[in-house]
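The values are calculated or read from the model by the stated rules, or taken from the named source; none is laboratory data. Model, not experiment: these values are computed from the prediction. When we count neighbours, we look across all protein chains shown, and the Cβ atoms used for this are built from the backbone with ideal geometry, even at glycine.
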Amino acid sequence: PNLSKTHHRLLQSSLRPMAEAEPQQLSNESDVDEQANYFPPELVGHFVNDSTTLYHLYLIELRRNFEYDIPIHDIVLAVRTELELDDENLIFDLEVDQGSLTVHMKYIGVVSLTSEEVPLCLRFQITLFSILVNRNLKKLKGILDAFHLRNDLAVFDYLLLPSTGSCLHQNREIIDWNCVRSVLFSCENLCNNHTND
C-alpha cells in the first residue's frame, strides 16, 4: 500500500532530531502539497467497541545506514484488515536528513486486543504524534481532552506501537505494553505540571 505524502513527511520529520527540525517548515509544507492525499482502505475504518478486536501485526524493522548517537527501535503496525504484501514482506529505503533507513516490514500474525487496550493504544499513538508534530504540551492536553471514541466516527484504523525487539511466537509479547501504559501516567502528570507553571 502507498503511504500518503503527508504520512511520509510525518515519518521523515519524526526521525529528524528535534534540535534540527524547523517548526515553520513543518507548518508550511501542507500549503505546498499539490497531490490529493490517498489513504489505503485497509488503514481507514470505523471504531467498533467490541469486547475484543482482532488485529493483524506487522513488525517494522528499522536499520540505520548512517552513524548517529540516538538508537532507533522497531515498530509494530496493527491493522484490522490484512495487508496485501508479496511474500508477506515489504523492504524499502527511507531517505532522512542524515542518510537512509532500510525498512523491512513483515507479517508476524494476529492478536486480539480488548476494549480497554484499543483506546489505550490509540491514546499512546495520539500522544506520540502530537508531541512529534506540535511540540507543545498545552496542545497535547487539548487533543487528549477531545479524545472521545464514538461508533460513527471514521478513524485511521491502524495502531503504531513500540516493539519489545524480540519477535516471539506469542504476538502480544512483541508489543511493549510498559511503554504503551506509560502514557497514562506521563500525560496526566506532564500536562498538570506544565499548565500549573
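Residues of the stretch 81-137 that are without any contact (Cβ under 8 Å) to a residue 24 or more places away in the chain and hydroxyl-bearing (S, T, Y): S130 alone. Per this entry, V96 is counted among residues that are in contact with a Lys or Arg (Cβ under 7 Å, 6 or more places away or on another chain) and among the aliphatic types (A, V, I, L, M).
Taking the conditions exactly as written (of a type outside the set (F, W, Y) and surrounded by fewer than 16 Cβ atoms within 10 Å (Cβ to Cβ)), does H73 satisfy them or not? Yes; evaluated as a whole, the condition is true for this residue.
In the set H169, H194, which member is surrounded by 11 or more Cβ atoms within 10 Å (Cβ to Cβ) and either touching a Lys or Arg at 6+ places or on another chain (Cβ under 7 Å) or at pLDDT below 55 (or both)?
It is H194.
Return yes or no: is V103 surrounded by 15 or more Cβ atoms within 10 Å (Cβ to Cβ), more than 17 Å from the chain's Cα centre (by Cα) and more than 21 Å from L54 (Cβ to Cβ)?
Values: surrounded by 15 or more Cβ atoms within 10 Å (Cβ to Cβ): yes; more than 17 Å from the chain's Cα centre (by Cα): no; more than 21 Å from L54 (Cβ to Cβ): yes.
Considered against the rule, which asks whether it is surrounded by 15 or more Cβ atoms within 10 Å (Cβ to Cβ), more than 17 Å from the chain's Cα centre (by Cα) and more than 21 Å from L54 (Cβ to Cβ), V103 comes out as no.
Note on the stretch 41-143: enclosed strands (runs of 3 or more DSSP E) holding 1 or more residues that are modelled with pLDDT of 90 or more and under 20 Å from S163 (Cα atoms) are 52-64, 75-79, 89-96, 99-114.
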